[in-house]
Structure formats: C-alpha cells, structure tokens
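One structure is given here, and the rest of the page talks about it.
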Amino acid sequence: MAYIPPHKRHLKDSDRSTPTPESLAPRFNRNVQLRASKSNADRSGKIIYSNYAISRWFAVGLDDGNIDISAAHLKPVSVESIERKTGEKPLILVKNNSDTDEAKGSPWSSIAENVLPDILSSFEKARAELECADSKDVKLSMVARVGKILFQGSPSVNLESVGKDCISETILRNLRKSFNTSVPASYSENIIAEVASNIKVDFADTKDVYYVRLSDSTQPASTISCKCRLKDDKKLQIYKVELNPVRDMVIDISCLDMNLDLRLLMTHKRILTSMTEDEMQSIQNLIDSAVLDPDVKGGLRWPFGKASSGNRYNVVGVWHTVARAYENSSIRLKVRHADRFDFKTTHGEASEEVSLKLKGIVSGLLEQDVEEDVISDKLKDNLSLIWQHFLSCEPFLT
C-alpha cells in the first residue's frame, strides 16, 4: 500500500475526521498499552508537546500479555538526581522470572507493527503543520534512545505496597513515568570499541559543544538554545540559535527480556534565522558574560547580575556535551558525555548517553508516494539492530 503525503491527498468531507488513537493502534495482545494525549503545555519548564502529540507506553516480554503479580513487579532503584528532587527512590518494571538471557522470537517485528501507525500519523500531522512554515528552517527528526523507564509515585498510589501488591494497568497508569537516558561508562565504551564496527557505521566527527538555554519573555512557551564552540582564545562563539524541540511522538517501551528500555521519539525544531541585530547582540552579550569553570556543573557560570539581558532574555540552563558520532546511510549513532545545570531548580548532573537518529526512516517518509511497506521494513531493520546490539547492559540501577 502506497503511503501518500497529506498534501497530495484528496479526501471526502466524511473522511476528514481525525483518527482516534484506538483506531490507529493495531491489535497487539502481548503487551500493555497506556496512551495519554498531551497538550502543548510545558509540564517541566523544558519539554513542549505539539497539540497532536502521541505519547504512550507499553511492555514487551510478557508471555501472558498481562502485567500482574504472576508476570512482573516494580523494584525500587537508586537514582540520585530523582531522589534529590522527590526524596523517594523511583521504580523499574522487572519480570518475576529472572531468566532474561534470551527473548523469544523476533520482538522487534511485533514492536514495529505496533508503533508504525503512530509514526505515520505523527509524521502526517507534523508535515501538514510544517508545510505552513518555511521548511528550510525546520528540522524533523526521529530518534531512538536507550535507558530505563522510571516509575514514580502519585497521591493515589502507596509506593510502599506497590512492590508486594498485584501490578495492574490501573496502578501503572497512576504512576508518573520518565525516561532515564544515563548509561554506565563501560556500556558507552563498548559501543565505541565494538558495536560501531559491528553495525557498520563509520566515524563521522567529535563535537565539543556548550548549549546555553535562554528564556524569552516574548515567547514564554519556548526555550532558546544557543549552540556555542570554544574558540582558541577561550571565548564562546555562537554558531546556531534554535528553539527547543517540539515533541510530536513519544513511545516508551519496557523491554523486560533485556537490561535496557527503549524510547522512540519524533520531534521538530526551528532554527532561528531572522533575528534582528539587537536581538542577536543581547544574546551575544549574555554569552560573552559567561565564565568557563570546569568545577561547576555545565562548565559555565555567570557573575552576579550578568545572567540576564534587560527584561527579555534570561539564562535558564547550560549543557556541556562531548559527543562522538558514527553514521551510515540509515542511522547516525551518537555517544556523548553530557554535563548539565538547571538554573531554575539549581540541580546539575552528568551522564553518559547513547542514541540513534533514524535518518533513513525520516528520508523515506519525506519521499513522495513511498510504499508503506518500505517504511515498515526500514523500521524493522532499525529495531532489530537496536534490540540485538544496544539493549544488553550489565545491571547498573540498584
């Protein structure tokens, strides 16, 4: 069946109704799905969802297709950054059967069938919105991230009894979920030393980048990200200014037969190319005020009173990342060390992270009249590669 981009479709009025999430999701009786639509409200002060965003979670690796006491339980783990904020240990979902050496069958095929309708739906809606804008200034991406899905309590759930009681859909629905992208340094080292060559990606580049994140009083729902390089004179040079990514799709997958979980993410972001000289000068003044300091989180600090420019721009965070990238025609693998500091919460953390940009899928979606089976095959190939090479890791959350 050919996949036709929305701008080339001719639909009858009766066909123009927006599909519901239930109508897009295929029957998949061996997982549990929790789907909650997101508004464009910024829940954390950083993350923006589009009005049409799809956000859901499911688990793979359960023989009976149900999450209950006979199949899995929630286990408390130590994650310093979360414990510091909430005072409680988060939880991870684990099988009661500890034999996770080998998953049965080809789980990546089932995952691909499950998520393909969401990918197509999210792309169509993002594409329709972006066609109203200057497409050369907007970047659409699909990324796979590895890490662990963390569950946190809510007033309606007693966390002390969760590990002992029956784990049901209702309990999991009422728990907050987040995705922890931090992985052990030994895992990152193995990706560089062995996996990169095994999956036939070539070294592309190493980038040492400072991201200075700014709030803008004229755009309260967005955050401006300034990408900066360190010049030979130890001054920061801005080379790109963009708005923070808008999430069009977030699918979190608990992979109970593996050590790591998977997040599939589709986003779009706008590069700011039409700023006035005064606007750029105000931002440049903030960047010039930064002081390099390797002893602080994020690697930068600002003298008292210098972290704002008039009543418009304020520094709200800083990241220092060192990333190695490898790529082929289908994927771009990134292994990076990220050191962050959030000015709003005054919390900082450093982490090792591994992600894959699924550029072959995006380029396929952008083709005219592409066959849906082609996208499906690309997705299965990518998920097979991820499952076999990226989801095994020594246990590191205890």
Query raised in the report: For PHE179, all conditions in the list (1) touching a Gly at 6+ places or on another chain (Cβ under 6 Å); (2) surrounded by fewer than 17 Cβ atoms within 10 Å (Cβ to Cβ); (3) of a type outside the set (Asp, Glu) hold save one; what is the number of the exception?
Result: (2)
Report task. Being over 17 Å from the mean Cα position of the chain (by Cα) and crowded, with 19+ Cβ neighbours inside 10 Å is the filter; apply it to segment 340-353 and report the residue that is farthest from ARG301 (Cα to Cα). Result -> ASP342
Query - Among the candidates ASP278, ASP288, residue that is more than 28 Å from VAL138 (Cβ to Cβ) and exposed (fewer than 15 other Cβ atoms within 10 Å of the Cβ) - result: ASP288
Requested in this report: Any chance you could count how many residues in segment 131-151 are modelled with pLDDT under 90 and surrounded by 18 or more Cβ atoms within 10 Å (Cβ to Cβ)?
Outcome: 1
Query - Count of segment 290-331 residues which are under 20 Å from LYS200 (Cβ atoms) and touching a helix residue (DSSP H, G or I) at 6+ places or on another chain (Cβ under 6 Å) - result: 2
Query raised in the report: Taking segment 184-218 as the region of interest, how many residues are surrounded by 14 or more Cβ atoms within 10 Å (Cβ to Cβ) and in contact (Cβ under 8 Å) with a residue 24 or more places away in the chain?
Result: 19
Query raised in the report: Is there any pair linking a residue in segment 137-153 that is farther than 22 Å from ALA325 by Cα to one that is of a type in the set (Gly, Ala, Ser) and part of a strand (DSSP E or B), with Cβ under 8 Å and at least six apart or on different chains, and which?
Result: ILE149/SER178; ILE149/SER254; LEU150/SER178; GLN152/SER178
Report task. Please work out which one of (1) over 16 Å from the mean Cα position of the chain (by Cα); (2) closer than 19 Å to GLU194 by Cβ; (3) of a type outside the set (Lys, Arg); (4) part of a helix (DSSP H, G or I) is the condition SER392 fails and give its number. Result -> (4)
Requested in this report: For segment 354-369, name all the residues that are more than 17 Å from the chain's Cα centre (by Cα) and assigned to a helix (DSSP H, G or I).
Outcome: GLY360, SER363, GLY364, LEU365, LEU366
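The values are calculated or read from the model by the stated rules, or taken from the named source; none is laboratory data. Bear in mind that the values here come from a model prediction, so they are computed numbers and not experimental data. Every residue, glycine as well, gets a Cβ built from its backbone with ideal geometry; the counts of neighbours run over all protein chains shown.
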